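**Q** What follows is a single structure, and I will ask about it in a moment.
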Amino acid sequence: MHYQNPRNSSQLPAWLALQTHRLQMNNFNMQAAFTAHPQRFSKFSIEHEGVVLDFSKNLIDEQTLQLLIQLAQQCQLDSAIAAMFRGDCINSTEQRPALHAALRMPADKQLLLDGVDIVAQVQQAHAKMHNLVEQVHSGSWLGYTGKRITDVVNIGIGGSFLGPQLAVEALQPFSLNKVNCHFLANIDSSAFYQLSRQLDPETTLFIISSKSFGTLETLKNALAVRQWLLNLGCSTADLSKHFVAVSSNTDKAIEFGIDPANILPMWDWVGGRYSLWSAIGLPIALTVGMDNFKQMLAGAHSMDQHFQQAPFAENMPVIMALLGVWYVNFWGARSQAVLPYDNYLQSLPDYLQQLDMESNGKQVRHDGSPLGYDSGPVIWGNIGTNGQHAYHQLLLQGSQLIPADFIIAVNSQNPIADHQQWLYANCLSQSQALMCGKKRQAVEDELREKGCTEDEILRLAPHKEILGNRPSNSLILDQLDPKRLGALIALYEHKVYVQSVIWGVNAFDQWGVELGKELGDKIYQLLNQPQKQAATDASTQGLIKLYKDKLTSSPP
């Protein structure tokens, strides 16, 4: 069985009421709303697990929130949440559950799937991770010349790369400094070339993360690493000392040369972009230790409980999701900016791009019928203060409405003088600038004070005016630590799921990605074989010919 939004969302009474309400909100002004309702911040903010969501700087009033919650109720969101945590086949096209939340359930819990307690399976995998981490950290895991491991390279792509990379970077202050962690995802040979120059083959351990053990980019990089080791003196018999696998295809991993004892499991009920809580998170545990890895799981589990138990009006993932629906479907927003004001969160926008756009970038509902409305905004962003000197100009004065999430920790892990105060001030000032803008009269008065003539004021004022009234959320962490990071990531996971329920799409398949893989294989064959068959279109055919004409050396 699987949950499906039973009706086209755009025909629901709450959706139709929101369309009418949207017209009534044309003249809504956030600054005026704060003046009229001094308690707006406390009313429109939620705190859980050391994370505060301030959503008061949004184009909403109490009626907006009520109607959005009614929409969630009419889409049977409560049933959808229960279905996911229960293990129903909410991935309808592949007939699978999506039980990433089970990966962070405490050991004393139980969840049966087809009669098997999967929590016990997860705990066994975590115990195996713990043993492997201890071997590496203690120096008992030795390379082919008897030296201890100093560097670990995770070979994976998509969810087997973006999640672990995000967490390893975010938790650098908690690193045990036992090993240096690297990532190899790109099939571009330059990526491996540059990385290999930093590595000593005698002291490097490689983790091959691939559910099928057949993902093209991952397998090609793994084979390149294997040959690199052999070329530099490692014997075939000793290869197993330098490889670990996270895969459900044990046979292929063994065939590659990996010791069965060093193969950790993956399960069909976990999608790649939701998998960093599993053995895919091995690079995280090797960097910060299993205790900190488990703290990250605990933070995520706490957010899971909040998502399951909190009323919709006080439910952080639900509110963030509904605001996104409000802007995409009723204000015409096409993108969402994610602006972390923390250098350790520099990969968060990249991670959320896959989480959100691979999940909800869909054009049909569960039953295959066309959506008839937009889903899945473009997610983009980067480190906050850097963006202020670049694309924040578009946020502030561009013609598009682009909602933004500002993310910052109150306490820095590396305080220097008053840097954190300035960082926090910059973060708040940008959300305030989006809301308040700079009115024409203030611009003109400022120009007069500078001695500008009336003609100069008339010429310059339109360019310096900033309209404001642009929406944003602020996510404030007590500090960026394993538990808050886990809660933050789980928050966004659940936000994406809620939006998939509202839009009636399957958040857990990715057939567009699969098409690219299929076509890539066909074009590869055309590139490397005598021209017996033409490509299906003239552009691709022309580009294949261009490649062959300009190729200066044959591939090995």
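**Q** Kirkwood Rh, segment 46-197, all Cα pairs: how many Å?
**A** When all Cα pairs of segment 46-197 are included, the Kirkwood radius is 20.3 Å.
**Q** What ranking do 119-126, 291-298 get when scored by the average of other Cβ atoms within 10 Å per residue, highest first?
**A** Top to bottom by mean Cβ count within 10 Å: 291-298, 119-126.
**Q** Return the percentage of antiparallel bridges among DSSP beta bridges fully within the chain, rounded to the nearest 5 %.
**A** Numbers: 14 of 44 bridges.
Around 30 percent antiparallel, to the nearest 5.
**Q** Where does segment 252-331 land on Rg/Rh, using Cα atoms and the Kirkwood Rh? Please report the intermediate quantities before stating the final value.
**A** Working: Rg = 18.2 Å, Rh = 15.8 Å.
A ratio of 1.15.
**Q** Still on this structure, please answer the following. Taking the mean number of other Cβ atoms within 10 Å as a proxy for protection, how do you rank 70-77, 315-322, 455-462, 135-142 from highest to lowest?
**A** 315-322, 70-77, 135-142, 455-462
**Q** Sticking with this structure for a sec: When averaged across all projection directions, what area in nm² does the alpha-carbon convex hull of segment 511-550 cover?
**A** Reported value for the Cα convex hull: 3.0 nm².
**Q** If you scale each eigenvalue of the Cα gyration tensor by 5 and take the root, what three semi-axes come out for the chain, rounded to whole angstrom and sorted largest first?
**A** Square roots of five times the eigenvalues give 43, 28, 27 Å.
**Q** Another question, if that's okay. Report, in debye and to the nearest 20, how large the dipole of segment 433-556 comes out about its Cα centre when Lys and Arg carry +1 and Asp and Glu carry -1 on their Cβ.
**A** The dipole magnitude comes to about 360 debye.
**Q** Which of the trypsin sites (Lys or Arg not before Pro) found in segment 1-100 are in a DSSP loop and have at most 15 neighbouring Cβ atoms, other than their own, within 10 Å?
**A** R7
**Q** Ok, one more. Can you sort L467, L423, L264 so the residue with the fewest Cβ neighbours within 10 Å comes first?
**A** So the residues, fewest neighbours to most, are L467, L423, L264.
**Q** To continue, here is another question. Which Cα, out of S359, Q74, S369, lies furthest along the positive dipole direction of the chain (beta carbon charges, K/R +1, D/E -1)?
**A** Positive-end residue among those listed: S369.
**Q** Can you put L286, L219, L355 in order, fewest other beta carbons within 10 Å first?
**A** L219, L355, L286
**Q** Tell me what the chain gives for mean residue ellipticity at 222 nm when only DSSP H runs of n ≥ 4 count, each as -39,500 (n - 2.57), the sum divided by the residue total, rounded to 500 deg cm²/dmol.
**A** On the way: 22 runs with 261 residues, N = 556.
Per the formula, -14500 deg cm²/dmol.
**Q** In degrees between 0 and 90, to the nearest 10, how far off the longest principal axis of the chain does helix 118-138 point, with axes built from Cα atoms?
**A** Here the helix axis deviates by roughly 70 degrees.
**Q** Also, quick follow-up: Could you tally the net charge around G87, taking each other residue with its Cβ under 11 Å from the Cβ of G87, Lys/Arg +1 and Asp/Glu -1?
**A** Charge balance in the 11 Å sphere: 0.
**Q** Would you mind working out the magnitude of the charge dipole of segment 103-293 relative to its Cα centre, with +1 at each Lys and Arg C-beta and -1 at each Asp and Glu C-beta, to the nearest 20 Debye?
**A** With Lys and Arg at +1 and Asp and Glu at -1, about 220 debye.
**Q** Could you sort out which of K211/K495; K241/K483; K220/K545; K220/K294 sit more than 30 Å apart by Cα distance in this structure?
**A** Numbers: K211/K495 25 Å; K241/K483 33 Å; K220/K545 24 Å; K220/K294 32 Å.
With Cα atoms farther than 30 Å apart: K241/K483; K220/K294.
**Q** How much net charge surrounds W331 when only the other residues with a Cβ under 15 Å from the Cβ of W331 are counted, with Lys and Arg +1 and Asp and Glu -1?
**A** With Lys, Arg at +1 and Asp, Glu at -1, the neighbours total +2.
**Q** Relative to the first principal axis of the alpha-carbon coordinates of the chain, what is the inclination of helix 62-74, with its axis defined by its Cα atoms, in degrees from 0 to 90 and to the nearest 10?
**A** Helix 62-74 and the main axis of the chain meet at about 40 degrees.
**Q** Among 189-195, 169-175, 512-518, how do they line up from the highest to the lowest mean number of other beta-carbon atoms within 10 Å?
**A** 169-175, 189-195, 512-518
**Q** Just the number, please: percent antiparallel of the DSSP beta bridges in segment 103-293, rounded to the nearest 5.
**A** Here the share of antiparallel DSSP bridges comes out near 15 percent.
**Q** Taking other Cβ within 10 Å of each residue's Cβ, how do T236, T204 sort, fewest first?
**A** Lowest to highest Cβ neighbour count: T236, T204.
**Q** Take Q525 and Y193, extend 7 Å from each Cα along the Cα→Cβ direction, and tell me the distance between the two endpoints in nm.
**A** Between Q525 and Y193, the label points sit 3.0 nm apart.
**Q** Now for a different question. Just need the relative contact order of the chain here, percent rounded to a whole number, with Cα pairs under 8 Å and 6+ apart. Spell out each step's value before the answer.
**A** Details: 888 pairs, mean separation 107.7, N = 556.
Normalised by residue count, the contact order of the chain is 19 percent.
**Q** On C-alpha positions alone, give me the angle between the axis of helix 511-528 and the longest principal axis of the chain, in degrees, nearest 10.
**A** So the helix axis and the longest Cα principal axis differ by about 50 degrees.
**Q** Report the charge-dipole magnitude of segment 69-210 in Debye, nearest 20, computed about the Cα centre from +1 at each Lys and Arg Cβ and -1 at each Asp and Glu Cβ.
**A** That gives segment 69-210 a dipole magnitude of about 240 debye.
Every read-out reported here was derived from the displayed coordinates using simple, explicitly stated rules and does not represent laboratory data. Worth saying up front: this structure is predicted, and the values here are computed from it rather than measured. Counting neighbours? That spans all protein chains shown, and the Cβs are built from the backbone with ideal geometry, glycine included.
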